[in-house]
Amino acid sequence: MSPQQQSRMRQIARELAQIGYALPGSVVQRSTACGKPGCRCQADPPILHGPYLSWIRKADGKAITRKLTPEQEQQYRSWFDNTRRLHDLVSELQALSVQAIEDAEGWHPRR
């Protein structure tokens, strides 16, 4: 492993240690139709209810949805951002590891 690779690996480890809470899933904004006859959402064109914020994640193969208030979305925004940063850092660490083993073993990717 080159000194640059070792340095970047240590930097990634420091960044990982600083991440904190990381919420999986996505925050989405939705508008819905209620289905009540005569409601504005049934008009042509429909005027949907909302928009509503939802947090959607998977657990045990099932989608779990929780409604969020705008205040909750703001309060936990950094936790969702942390998840993206976590994924980016892990992907970079994996790529760095692949490069390190290829360099160490003299393997070169096929082109």
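The values are calculated or read from the model by the stated rules, or taken from the named source; none is laboratory data. This structure is a prediction, so every number in the text was calculated from the model and none was measured. FYI the Cβ positions are ideal-geometry reconstructions off the backbone, even for glycines, and counts take in every protein chain you see.
Tabulated results
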{"read-out": "Subset of the range 18-64 [in contact (Cβ under 8 Å) with a residue 24 or more places away in the chain and either touching a Pro at 6+ places or on another chain (Cβ under 8 Å) or of a type in the set (S, T, N, Q) (or both)]", "value": "26, 29, 30, 53, 54, 57, 58"}
{"read-out": "Breaking point among (1) out of contact with any helix residue (DSSP H, G or I) (no Cβ under 7 Å at 6 or more places or on another chain); (2) at pLDDT 95 or above, for residue 16", "value": "(1)"}
{"read-out": "Condition broken by residue 97, with the remaining ones in (1) hydroxyl-bearing (Ser, Thr, Tyr); (2) under 30 Å from residue 8 (Cα atoms); (3) within 21 Å of the chain's Cα centre (by Cα) satisfied", "value": "(3)"}
{"read-out": "Some residue of the range 49-68 being in contact with a Cys (Cβ under 9 Å, 6 or more places away or on another chain) and of a type outside the set (Phe, Trp, Tyr)", "value": "yes"}
{"read-out": "Among the residues listed as 66, 84, the single one being within 26 Å of the chain's Cα centre (by Cα), surrounded by 10 or more Cβ atoms within 10 Å (Cβ to Cβ), of a type outside the set (Val, Ile, Thr) and not in a strand (DSSP E or B)", "value": "84"}
